[in-house]
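Input: a single structure, listed below in structure tokens.
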Amino acid sequence: MKAPAALLLAALIAADAFAGVAQPLAEDPAVEQRMIAISEEVRCLVCQNESLAGSRSELAQDLRRELRTLIRAGRSDDEIREFMVSRYGDFVLYRPRVKPTTWLLWAGPFVLMVTAVVVLLVYLRRRNRAVGEEHLTQEESRRADALLEEGAK
């Protein structure tokens, strides 16, 4: 029982000696943190439903390199976002700016919800009126009473 454990330990030590130390993604961790923060707010142009930070496409890797270059050049986060928007349009941002061309995008869901509630209320009122207006004739009322009495016996 002890021999296999000793062999396993020796194999792990040998593997560790050959493994080496993992290299950081960037020379400067502060640059890498800013790049990740910015790229999480930017849409991958290839994957479109994935952020630039999470995408593994070649274009995403190129854009992350570009972001690192801009960060090292001393650009602010807003300047970098503006660069991305000027190059790829508002679509590149997960949270586009509120401006006249995006008002429908921001207000659209609320307008649709209010419209749906109004349509539902109008429909329910009309249906209730139609149901309330349907009355039985005297003959139908007598027949219903007779059927109820027969069923009770």
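The values are calculated or read from the model by the stated rules, or taken from the named source; none is laboratory data. Predicted model, so just to flag it, every value in this text is computed and none were measured. Glycine also receives a Cβ, built like all others from the backbone with ideal geometry; neighbour counts cover every protein chain displayed.
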Residue tally, condition polar (S, T, N, Q) and within 36 Å of the chain's Cα centre (by Cα), over the range 97-142: 3
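Can you list the helices (runs of 4 or more DSSP H) found entirely within the range 39-153 that contain at least 1 residues being at pLDDT below 85?
On the way: elements: 58-72, 77-88, 103-133, 138-152.
Qualifying helices (runs of 4 or more DSSP H): 103-133, 138-152.
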Selection count, the range 95-143, where residues are of a type in the set (S, T, Y) and over 30 Å from M84 (Cβ atoms): 4
Pairs with Cβ under 6 Å, 6+ apart, first in the range 56-85 and assigned by TED's automatic domain parsing to the domain that holds Q33 and touching a residue at least 12 places away in the same chain (Cβ under 8 Å), second surrounded by 19 or more Cβ atoms within 10 Å (Cβ to Cβ) and not in a helix (DSSP H, G or I): A60/C44; A60/L52; L63/L52; M84/V42
The range 85-127, residues that are over 23 Å from C44 (Cα atoms) and of a type in the set (K, R): R125, R126, R127
